[in-house]
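A short write-up of the structure that comes next.
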Amino acid sequence: MSRLFNAHHTALTPGFLVVHANLPEQLRALVVSWTKAYPLAVLETETVLVQSNGIAQWLKLALAADPDFNDPTEGGAGIASNLSLQMPGRFIWQLYRWLLPASDIPEQSGFDKNQLRWRLFRLLPLLAEQQEFQLLHSYLAADEEQRKLQQLAFKLADLFDQYQVYRADWLAAWQQGKDVVLDHLGHTTPLTADQRWQAALWRAIIADVPSAEQQFSRAMLHRNFLQAAKKYRMDSRPAGLPRRVIVFGISSLPQQVLEALAAIAPYTQVLLAVHNPCQHYWADIIADKDLLKTQQQRQSRKAPTQQKPESDHSALESIAPEQLHNQAQPLLAAWGKQGRDYIRLLDQFDETQAHLDLFRGQRIDLFSSNPPTHLLAQLQNDILELRPAVESAAFWPALNPAQAQSLCFATAHSAMREVEILHDDLLAQFAADPQLKPADVMVMVPDIHLYAAAISAVFGRISKDDARYIPFTIADQSAVQQEPLLQALQLLLQLRTERFTASTVLDLLQLPALQLRFGFTETDIQLLKSWIEAANIRWGLNAAQRQSLGLPEDFAQNSWHSGLQRMLLGYAIGQSEPWQGIAPCAQVSGLSAALAGQLAQLLDQLQQAWQQSAEKRTPEQWAAWLPQLLADFFAAEDEVQQSLLDKLQQALTEWLEQCQQANLTDALELNVVSVAWLEGFSAQGLAQRFLAGAVNFATLMPMRAIPFAQIHLLGMNDGDFPRQMIKQDFDLMATNYRPGDRSRRDDDRYLFLEALLSARQRLRISWVGHSVHDNSERSPSVLVGQLRDHLAAVWRVEVGSGSVQQGEDVLDAITVHHPLQPFSRRYLAADSTLVSYQHEWLALHQSPPKNAEAAPASNMLSAPDQVPAWDLDRLSGWLKDPVKFFFRQRLKVSFETDHGSQQNTENFGLDGLERWQLQQRLQQRISKALTAGEPWQQALNQELALIGAEGLLPVASAATLLAEQFTQLLSPQAEQLQQLVSQYGAPMPQPVWCEFAAEGQQAGDWLRELRPLAAASFVQLHWLVGALYKDKQLDYKQLLKPWLQQLLAAASGVALQTDIVAVDGVFSLPAYQADQAKTQLQQLLSWLQQSLCRPLPVELGCARLVLQAELAAGSAPDDKLQNQLEKRYQGDGFNAGVLARNPYLARAFPDFKALWADGELVPVSMALYQGLRDYLAQAGIAERQ
């Protein structure tokens, strides 16, 4: 750039200057050098039009770079200040105000989209009654909540806003009463009968706008502006108009904007820095070229290549113009429509040739290419040179594998895996190239909101002191996605349809602004959560709120109102009988009970907001009510939150002004207001964080052609990109195309092209290429498919010894198919090309040491220094699951995780555990009543009523049905228990202490409810929950505690008989002989000592199978028994084994082979449980055939 400009010009020369370049960095250098060569006055503002924050930030960094003192025309300006970076639309409106001062144009047009929405909202119901709007009348019927009206008004406002920009001639014709549309040549076509309502609606809008403002429609203003612009000269420039306007990094502008810029070019210097992927004239290669015929064209057509024979020259020159697209670069033809339209439109206004002296005869268009040393650079060069595929295939030599990797592909099974694979790939790239920095990497996805959580989870989990940490920043997230306060406000604005589930309210309580408002702390929230679970709160404020959702009246069970009543009553009377049908929640007590009052205050505010939000209000009334809603629920804890609350207030004020300017005084539903109020916080503007010195994650957006060393495109799935935007069937532009019209799919195609051209060293594209369910193949985006087809048709890759790969083999060489899981064994295969830095998974595949297979005693932990006295509950827990006992008692490790999930729906039935718990509770209440001599039927009914009051029973008739089932199940057993109570009499008033010590262990417990049986002997009644037999097999788990109690009693000199009442009968366990009990207890305590040092290779169900086999001493199990044990432990194709349900077994013995390896399963099973089996057999209790 050092000699590009004539720096002797002291004043800015006006004109419409267009500079083309295929490299964005050249355009940036041009703008920086231009502003230095032709500087503005010291306090004069430099006006730059941009379309994205990324481009704006990138340009400002270049301007702020240090200057090159050896060559003043190189380097930056050293500072980037006094810049006005604007969106084109806002600047053009200000341009109208500058050139039409007599019109007194307001800052906001009455035809602005936001005002037009509310004008249409008011007009549409009135117009729908007229015959010519019959179509609208049918759509707006039965719209009590105004949702249809809002959607239609917003869609029509968007459409008419597009018409004002792209079809101003249509609106002018409609305003004159002509129901026609015009094509690009001015030919008119009458509107059909079902289209004329649009013209009538525009006339109605014009008539509704005050006469003084009717001239301010964008179409009329633009026409008046073009006339007024002709009156100004250099010596009579409009006040406020900048002397220079730079348009930078914009890949498409409407013709209306270009006309406005061209209109001020005679007295303003307009410089457009245009990114043009091809240095040749390329409009002919795409359809619709006849729409783009102009009097001039900036680039010339490509000349025949010099490498071809002369015969090919004549053949190329003889090709008809309409067939030239067949001889062009196929990717540019497929993806370049949007850029083609823009570049050709610029040719109509380009005055650069008239100002060549500003460039001192140097080249104006800055086309150049990076050295084509790898696949990506060669493809970019093909686009620059407009090479067709056949010519490219002959032009480029075969690549080596390293060169081919500059453009590569990857497939994954999910978005999360895409991000995990990306993280590993970046670590490999940084390791291979020390010069590569995180800021040199750009990652783009179709929708950043769908990937933000995965990005934060994968990149954010690595601590900054870890060598694998990669700094990252996520751009393009809306404020609603990032600010919990806005998410909470969204919920409050939807109270009429909210269910008020327990988890929803708890989520609200996590918000710092709400905690501050109601006086909660983080510790309080955990306590409140336990109270909410204890009070069995599920959903719904109260019965009235539930009724509004269509449920029967007076249905308050498990609601916040019923739960709060239980909390407050529990604080007042503690553990007590229900009062007026309310069961007290005794957990709420002490000084912390004040939290219940704070919770009541929150629920009261929610109740008031729910009631008041049902009312329709005028915009002025909503503008008064909504700030009070903010004050009722939120208090700012810092300046950031206060700023957000201020912005909410400002947005509400702006909305009210829009309604007032549209003369909207109708009563509105809250859902209508909430959409308009928070819409601005979902939008993205120039204030987005970007280029922050880290790996940049962003949405694939137009106008973001910033060069990066590496660009990664994620989520390139079929159907997801190009993104689909459903056109409204009443959009007349959809069937009347003009050059410059915007299309989401065309935008995305050109965006894909820009991304390909912006990568300097490497472009990597990934998509979800396999189903996470069945591994079936999934297709990539059609754009990725086109790119891959082109690569396969053109390039070849060397594979050594003179052979080359081509076609599909090339694609296989540059595509990596990753496994479903990050811990796949494929990452460790010797011939694998997969790379992973997640060393946490390495231990999973490392083989254990050979000397660990036999689990020698030297690997055991030493005996603990102190052990507690083991009561019967812990002893029986040990025998139920010895492996779990080791982890929980010795290592203090628990693998059960509380996910904190709240019950958010009412009960319609109980699961097995809930039914077991309620049955046990009912049995305990009946036993207590029988011991006290009270009627057990009354006790059963009272306990069922209490359970119902606590909200533990299902709702409605399901509760009655379940109560009847419990009554029918327990009544026969209660009768049997009553007979035994009558037979044995009252229990002893004092419990008896029993204990036994051996092998350094001590067991002891109180024996309660003992009833005298004979001299120095006792009986205890034990009521099992359920049956003693399950599928003809004894339920050892329920018998372990009674057996241990018999052993402990006999070893302590207490002769004890235990009578067991179960669903399937009454069973009696006789007293043990004291010596036999001591021997058995000593053996058990010896094994208990080992259980504290290592996990014993035994599982209760497998042990039962071993005992049932009745193996002779020293005999080995046969294959049949081993198969049964393996099926029980690991499961088969039809049933899951116990291993899948027990995380402790999975950690200690991950498969049956590990459990069986040391040969201890059989002897340990017999040592622990054979005594129980023998004792039961002596008592006449054995497995049934």
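Looking at region 411-530, what helices (runs of 4 or more DSSP H) fall wholly within it and have at least 1 residues that are under 30 Å from ALA631 (Cα atoms) and among the small types (Gly, Ala, Ser)? Let's see the steps before the verdict.
On the way: elements: 415-432, 448-460, 479-482, 484-492, 502-509, 512-518.
Here the list reads 479-482, 484-492, 502-509, 512-518.
Of everything in region 780-807, what is hydroxyl-bearing (Ser, Thr, Tyr) and over 23 Å from the mean Cα position of the chain (by Cα)? Give them in sequence order.
If we filter region 780-807 for residues that are hydroxyl-bearing (Ser, Thr, Tyr), which is where we start, we get 781, 801, 803.
Across region 780-807, the qualifying residues are SER801, SER803.
What number goes with the only condition from (1) touching a residue at least 40 places away in the same chain (Cβ under 8 Å); (2) over 19 Å from LEU366 (Cβ atoms); (3) surrounded by 14 or more Cβ atoms within 10 Å (Cβ to Cβ) that LEU61 does not pass?
Every listed condition holds for LEU61 apart from (3).
Please indicate, with yes or no, whether at least one residue in region 860-875 is under 23 Å from LEU1139 (Cα atoms) and modelled with pLDDT of 90 or more.
yes
Scanning region 131-189 for residues that are within 36 Å of the chain's Cα centre (by Cα) and of a type in the set (Gly, Ala, Ser), which turns out nearest to PHE121 (Cα to Cα)?
Top of the filtered list is ALA153.
With LEU820, LEU811 as the choices, which residue is assigned by TED's automatic domain parsing to the domain that holds GLN403, surrounded by 12 or more Cβ atoms within 10 Å (Cβ to Cβ) and within 26 Å of the chain's Cα centre (by Cα)? Steps first, please.
Working: LEU811 fails: within 26 Å of the chain's Cα centre (by Cα).
None of the others qualify; the one that does is LEU820.
Output the residue which, of all residues in region 213-248 that are under 18 Å from THR47 (Cα atoms) and of a type in the set (Lys, Arg), is farthest from the chain's Cα centre (by Cα). Give the derivation first.
Within region 213-248, the subset under 18 Å from THR47 (Cα atoms) is 237-248.
Among the residues that remain, those that are also of a type in the set (Lys, Arg) are: 237, 243-244.
Details: ARG237: 53, ARG243: 47, ARG244: 44 Å.
In this case the residue turns out to be ARG237.
Does region 409-427 contain at least one residue that is surrounded by fewer than 22 Cβ atoms within 10 Å (Cβ to Cβ) and more than 28 Å from the chain's Cα centre (by Cα)?
Scanning region 409-427, I find no residue that is surrounded by fewer than 22 Cβ atoms within 10 Å (Cβ to Cβ) and more than 28 Å from the chain's Cα centre (by Cα), so the answer is no.
Quick check on this structure: which one of ALA410, ALA398 is touching a Lys or Arg at 6+ places or on another chain (Cβ under 7 Å), at pLDDT 95 or above and of a type outside the set (Ser, Thr, Tyr)?
Working: ALA398 fails: at pLDDT 95 or above.
Residue meeting the stated conditions: ALA410.
Condition first: farther than 22 Å from ALA1182 by Cβ and assigned to a helix (DSSP H, G or I). Can you find one or more residues in region 1020-1034 that meet it?
No: region 1020-1034 contains no residue that is farther than 22 Å from ALA1182 by Cβ and assigned to a helix (DSSP H, G or I).
Does TRP610 count as surrounded by 16 or more Cβ atoms within 10 Å (Cβ to Cβ), in contact with a strand residue (DSSP E or B) (Cβ under 8 Å, 6 or more places away or on another chain) and either on the phi < 0 side of the Ramachandran plot or without any contact (Cβ under 8 Å) to a residue 12 or more places away in the chain (or both)?
Numbers: surrounded by 16 or more Cβ atoms within 10 Å (Cβ to Cβ): yes; in contact with a strand residue (DSSP E or B) (Cβ under 8 Å, 6 or more places away or on another chain): no; either on the phi < 0 side of the Ramachandran plot or without any contact (Cβ under 8 Å) to a residue 12 or more places away in the chain (or both): yes.
Answer is no for this residue.
Confirm whether ARG243 is among the basic types (Lys, Arg) and touching a residue at least 60 places away in the same chain (Cβ under 8 Å). Give the derivation first.
On the way: among the basic types (Lys, Arg): yes; touching a residue at least 60 places away in the same chain (Cβ under 8 Å): yes.
Answer is yes for this residue.
Kindly indicate whether VAL32 is modelled with pLDDT of 90 or more and out of contact with any helix residue (DSSP H, G or I) (no Cβ under 6 Å at 6 or more places or on another chain).
Values: modelled with pLDDT of 90 or more: yes; out of contact with any helix residue (DSSP H, G or I) (no Cβ under 6 Å at 6 or more places or on another chain): no.
Criteria not met by VAL32.
Which one of TRP560, TRP579 is among the aromatic types (Phe, Trp, Tyr), at negative phi, free of Cβ contacts under 8 Å to residues at least 12 places away in the same chain and surrounded by 13 or more Cβ atoms within 10 Å (Cβ to Cβ)? Explain how you work it out, then say what you get.
Details: TRP560 fails: free of Cβ contacts under 8 Å to residues at least 12 places away in the same chain.
Residue meeting the stated conditions: TRP579.
Select from region 823-834 the residues that are surrounded by 15 or more Cβ atoms within 10 Å (Cβ to Cβ) and either in contact (Cβ under 8 Å) with a residue 60 or more places away in the chain or of a type in the set (A, V, I, L, M) (or both) and list them in ascending order.
Correct list: LEU828, LEU834.
The values are calculated or read from the model by the stated rules, or taken from the named source; none is laboratory data. The model shown is predicted, which means the values in this text are computed figures rather than measured ones. We place every Cβ from the backbone using ideal geometry, glycine too, and count neighbours over all the protein chains shown.
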